[in-house]
Amino acid sequence: MSQTGVPFGEVGAVRCFLGLEGKVVSPKDAHPNRPIEGFSCAKSEVSGRRFWGLMQEKFGTADAFAASHFVWNWCPLAFMEESGRNRTPDKLPADERAALTAPCDSCLRELVEILNVPHVIGVGKVAEASARRALPDGVRVTSILHPSPASPAANRDWSGTVTQQLIEQGVWSA
């Protein structure tokens, strides 16, 4: 996402499937081990390749996907450890995490209300828990397996697992 601004923003998928390209400006305080190269970044991002690859396989085009699906990152910020390793919001110190929760929850609630979303699918259990906390009872919240290669389960047929989860949730048909 740091390279393209798109959740699961693997450059090739964002360019080829979503049809997006543009200039991405690097922040002044970018981590030296994680340069922001935008669409010229040659490094592939496994989670994004898996996620958008499945959406392209299922829908064919970004327009077909967008007709019934929308992807939002609960916390659209990137946090880096001293080494440059990504730190997810759930791994932040409690005081830093608490400062993010209210504005991120509020943004999600507002988006769901504006778009009149009946069903939110968290990509991973952390996203599901965030949505459950943030959203009113009338919104159905479920989850799918996160595509991260750090998850052993995601490394065993992520696409097939998620397809089955979405079929079981009644989101996709068999």
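The values are calculated or read from the model by the stated rules, or taken from the named source; none is laboratory data. This is a predicted model, so every value here is computed, not measured. Neighbour counts are summed over all protein chains in view; Cβ atoms, including those assigned to glycine, are modelled from backbone coordinates with ideal geometry.
What the table below lists for this structure:
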{"quantity": "Among the candidates P89, P93, residue that is assigned by TED's automatic domain parsing to the domain that holds A127 and within 19 Å of L108 (Cβ to Cβ)", "calculated": "P89"}
{"quantity": "Where a residue in the range 26-53 is without any contact (Cβ under 8 Å) to a residue 60 or more places away in the chain and its partner, wherever it lies, is part of a loop (DSSP other than H, G, I, E, B) and basic (K, R), with Cβ under 9 Å and at least six apart", "calculated": "N33/R85; R34/R85; E37/K43; G38/K23; F39/K23"}
{"quantity": "Scope the range 142-173; condition in contact (Cβ under 8 Å) with a residue 40 or more places away in the chain, closer than 24 Å to A64 by Cα and of a type outside the set (S, T, N, Q); matching residues", "calculated": "H146, P147, W158, V162, L166, V171, W172"}
{"quantity": "Candidate set: the range 82-113, residues that are part of a loop (DSSP other than H, G, I, E, B) and touching a helix residue (DSSP H, G or I) at 6+ places or on another chain (Cβ under 9 Å); chosen: the one nearest to V6 (Cα to Cα)", "calculated": "T88"}
